[in-house]
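The values are calculated or read from the model by the stated rules, or taken from the named source; none is laboratory data. Source: prediction; values computed, not measured. No Cβ is skipped: glycine too gets one built from the backbone with ideal geometry, and neighbour counts run over all protein chains shown.
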Amino acid sequence: MPILTEANRKWWTLGAMCFALFMVMLDNTVVNIALPAIKSDFGASISGLSWAVNAYTLSFAVLLVTGGRLGDVFGRKRMFLAGLIGFTLASIGAGLSQSIGQLVFWRAAQGAGAAFLMPGSLSILTDAFHGRERGRALGLWAGISGMALGMGPVLGGLLVEKAGWEWIFFLNVPVAVIAVPVTLYAVRESRDPSAVRRIDWAGIGTLSLGMGLVVLALVQANDQGWTSSRTLLELAVGAAGLLVFGWLQIAGDDPMVDLSFFKNRTFSSGNLVAFLVTYSMFATFFFITLYMQNILRLSPLETGVRFLPMTVLIIMTAPVAGRLSDRFGSRWLLAGGMALVALSLALESRISDTSGYLTLLPAFLVGGVGMGMTMSPMTAAVMGSVERTKAGAASGVLSMMRMIGGVFGVATLTALFQHLAAGRAAGGHGPSDVFIYSLSHSLRFSAAIAIVGAVVAAIFIRSHHVEEQDEAEVAAPHAEPALDVA
């Protein structure tokens, strides 16, 4: 009996996509744990260390839409493999780096590979799965994403302590050794048949300039000053680049991003929820990690292990939420998930310098269920609101909104934290009290952001689901698909 059949090909495809996604999402968090060891080896400055993180974020965020669009035009499998191989080679380069400058370069190259890999994986799954099975597949995909984010600190701490920081990058090689042949073997090529097979250099250039400068301004704003001439200039030029990009998309015959997507309220509000959930949660991981290491005096590995309850619940909840979104729609799952995220953040805000891990555990449990309820229905809603032929561009927009939400969240929450800390310190309070006070109030602000996301989902996400659309397409493949569904 053959290992690969037409009946199981899509599940092999899902496995390849999840393996590759695991690498990309792991590298969002694993490097933070290794920064002290990297500093010791290279004698790097704080600025250099920050760029070891920011270079990845910057190139990843800037190129996501480009990667998705090129997949639609030239083939999603082809672009996915290019991103996967490029990401793996960059990981080897990062592990072999002999200076902080080399490491920053290879981290940027990793981000570029990830920008082709990430939207490619989502658009391939959207094309491979239909009807009831799509939510299940996207749920597993979202669960792997959450697992990788949660396991980053654990694996990072273990590898740094036992093998050396280089192995946080070399770990990607065996994963790619599995993912590349499975992709070649199982994944069918797909593309947008209506797309003109050319590269829109003007669109890529203006989008990259605009997004690049906006993200750069955000990641440097707390060091340079939010009202400094450099920050304001970067934001102004970046905004101008994005406006020119928008004009080119409206005026062009074959746009990179069809801005009519945003006329669909499910697509627009789903992307807004994606922005808000990462806005509220990414900064939380950053600050809670500092709390556990600086206040509770836990090691990197001990810190990572304490995030595992949240990780496990994300893995368990996301596939179930995906199946439920197929049956009942995404609206109330998304609204409920974001409400639980808000509750989790509110529970975290009760921390003190003596409260310990047991104060955080209920928050982690609630947050794990909330994140699991949010990620797969959100993805299903957005991807189900456009034609499958446009999946690459749509997935690029969704991935970009998630990434930019995290960047905005870290930047603004850091600014709020520093403002609160300065005021508290001026009142004569000690360092521990200053940290706890600033963090608890920042967490309450994040909770308010998550509540906004719940309201957006409840009001604007359509409650229809895609099963009827997909079954109609299978029965009548030449019929014009409906667009305004979730």
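Working carefully through the options Gly423, Gly392, find the one that is small (Gly, Ala, Ser) and in contact (Cβ under 8 Å) with a residue 12 or more places away in the chain.
Values: Gly423 fails: in contact (Cβ under 8 Å) with a residue 12 or more places away in the chain.
Exactly one of Gly423, Gly392 is small (Gly, Ala, Ser) and in contact (Cβ under 8 Å) with a residue 12 or more places away in the chain, namely Gly392.
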Q) Of the residues Leu259, Leu233, Leu243, which single one is in the same structural domain as Gly384 (by TED's automatic domain parsing) and loosely packed, with under 13 Cβ neighbours inside 10 Å? A) Leu259
Q: Determine whether Ala55 is surrounded by 18 or more Cβ atoms within 10 Å (Cβ to Cβ), out of contact with any Gly (no Cβ under 7 Å at 6 or more places or on another chain) and not β-branched (Val, Ile, Thr).
A: no
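Would you confirm, using the coordinates I've provided, whether Leu301 is part of a helix (DSSP H, G or I), over 21 Å from Ala148 (Cα atoms), touching a Gly at 6+ places or on another chain (Cβ under 9 Å) and not charged (D, E, K, R)?
Working: part of a helix (DSSP H, G or I): yes; over 21 Å from Ala148 (Cα atoms): no; touching a Gly at 6+ places or on another chain (Cβ under 9 Å): yes; not charged (D, E, K, R): yes.
For Leu301, the condition - part of a helix (DSSP H, G or I), over 21 Å from Ala148 (Cα atoms), touching a Gly at 6+ places or on another chain (Cβ under 9 Å) and not charged (D, E, K, R) - is not met.
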Q: Please specify each residue of the range 149-165 satisfying the condition of being at pLDDT 75 or above and either polar (S, T, N, Q) or buried (at least 21 other Cβ atoms within 10 Å of the Cβ) (or both).
A: Val154, Gly156, Gly157, Leu159, Val160, Trp165
Q: Can you work out which of the residues in the range 316-351 that are surrounded by fewer than 19 Cβ atoms within 10 Å (Cβ to Cβ) and under 21 Å from the mean Cα position of the chain (by Cα) is nearest to Gly157 (Cα to Cα)?
A: Met316
**Q.** Any chance Leu276 is assigned to a helix (DSSP H, G or I) and either in the same structural domain as Gly356 (by TED's automatic domain parsing) or within 30 Å of Ala380 (Cα to Cα) (or both)
**A.** yes
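Given the structure, is Gly71 within 16 Å of the chain's Cα centre (by Cα) and not charged (D, E, K, R)?
Details: within 16 Å of the chain's Cα centre (by Cα): no; not charged (D, E, K, R): yes.
No: the conditions fail for Gly71.
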Q: Considering each of Ser440, Ser385 in turn, give the residue that is among the hydroxyl-bearing types (Ser, Thr, Tyr), in the same structural domain as Phe261 (by TED's automatic domain parsing) and over 29 Å from Ser352 (Cβ atoms).
A: Ser385
Q: Test Leu4 against the criterion of being more than 21 Å from Gly152 (Cβ to Cβ) and modelled with pLDDT under 80, and give yes or no.
A: yes
Q. Looking at Gly203, is it in contact with a Pro (Cβ under 9 Å, 6 or more places away or on another chain) and over 30 Å from Gly367 (Cβ atoms)?
A. yes
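Taking Thr354 as the residue in question, decide whether it is surrounded by fewer than 18 Cβ atoms within 10 Å (Cβ to Cβ), assigned by TED's automatic domain parsing to the domain that holds Met151 and hydroxyl-bearing (Ser, Thr, Tyr).
Details: surrounded by fewer than 18 Cβ atoms within 10 Å (Cβ to Cβ): yes; assigned by TED's automatic domain parsing to the domain that holds Met151: yes; hydroxyl-bearing (Ser, Thr, Tyr): yes.
Criteria met by Thr354.
Does any residue of the range 341-350 turn out to be under 15 Å from Ala142 (Cβ atoms) and either modelled with pLDDT of 85 or more or assigned by TED's automatic domain parsing to the domain that holds Phe129 (or both)? Reasoning before the result, please.
Narrowing the range 341-350 to residues under 15 Å from Ala142 (Cβ atoms): 341.
Next, only the ones that are either modelled with pLDDT of 85 or more or assigned by TED's automatic domain parsing to the domain that holds Phe129 (or both) stay: 341.
The answer is yes; a qualifying residue exists.
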Q.
Just the residues that are in contact with a Gly (Cβ under 9 Å, 6 or more places away or on another chain) and surrounded by fewer than 24 Cβ atoms within 10 Å (Cβ to Cβ), please, taken from the range 100-126.
A. Ile100, Gly101, Gln102, Val104, Phe105, Trp106, Ala109, Ala112
Q: Looking only at the range 171-190, decide whether some residue is among the charged types (D, E, K, R), surrounded by 15 or more Cβ atoms within 10 Å (Cβ to Cβ) and out of contact with any strand residue (DSSP E or B) (no Cβ under 9 Å at 6 or more places or on another chain).
A: no
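Counting only residues that are under 13 Å from Met118 (Cβ atoms) and among the aliphatic types (A, V, I, L, M), which one in the range 395-431 is surrounded by the fewest Cβ atoms within 10 Å (Cβ to Cβ)?
Within the range 395-431, the subset under 13 Å from Met118 (Cβ atoms) is 395-403.
Filter once more, so that each one left must be among the aliphatic types (A, V, I, L, M): 397-398, 400-401, 403.
On the way: Val397: 25, Leu398: 26, Met400: 28, Met401: 23, Met403: 27.
So the residue we want is Met401.
Does the range 231-290 hold any residues that are of a type in the set (Ser, Thr, Tyr) and closer than 30 Å to Thr414 by Cβ, and which are they? Walk me through how you get there before you give the answer.
Step one: filter the range 231-290 for residues of a type in the set (Ser, Thr, Tyr), giving 231, 260, 266, 268-269, 278-280, 284, 289.
Within the range 231-290, Thr231, Ser268, Ser269, Thr278, Tyr279, Ser280, Thr284, Thr289 meet the criteria.
Yes/no matrix, rows are residues, columns are (1) closer than 29 Å to Asp72 by Cα; (2) touching a Lys or Arg at 6+ places or on another chain (Cβ under 6 Å):
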{"site": "Gly156", "(1), (2)": "no, no"}
{"site": "Gly164", "(1), (2)": "no, no"}
{"site": "Ile168", "(1), (2)": "no, no"}
{"site": "Ile178", "(1), (2)": "yes, no"}
{"site": "Glu189", "(1), (2)": "yes, yes"}
Q) Given the residues Leu213, Leu207, Leu232, which is the only one that is touching an Asp or Glu at 6+ places or on another chain (Cβ under 7 Å) and over 27 Å from Pro309 (Cα atoms)? A) Leu213
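So that you can scan it fast, the table gives a plain yes or no per residue for (1) modelled with pLDDT of 85 or more; (2) closer than 24 Å to Ile124 by Cα; (3) assigned by TED's automatic domain parsing to the domain that holds Ala176:
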residue	(1), (2), (3)
Ala52	no, no, yes
Val62	no, yes, yes
Arg69	no, yes, yes
Arg78	yes, yes, yes
Ala82	yes, yes, yes
Gly93	yes, no, yes
Trp106	yes, no, yes
Ala109	yes, yes, yes
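Could you identify the single residue in Ile314, Ile295, Ile288 that is in the same structural domain as Asn28 (by TED's automatic domain parsing) and farther than 21 Å from Ala148 by Cβ? Walk me through how you get there before you give the answer.
Values: Ile314 fails: farther than 21 Å from Ala148 by Cβ; Ile288 fails: farther than 21 Å from Ala148 by Cβ.
Checking each option against the conditions leaves just Ile295.
Are any residues in the range 342-357 assigned to a helix (DSSP H, G or I) and either touching a Phe, Trp or Tyr at 6+ places or on another chain (Cβ under 7 Å) or over 9 Å from Leu296 (Cα atoms) (or both), and if so, which ones?
Answer for the range 342-357, where residues must be assigned to a helix (DSSP H, G or I) and either touching a Phe, Trp or Tyr at 6+ places or on another chain (Cβ under 7 Å) or over 9 Å from Leu296 (Cα atoms) (or both): Ala342, Leu343, Ser344, Leu345, Ala346, Leu347, Glu348.
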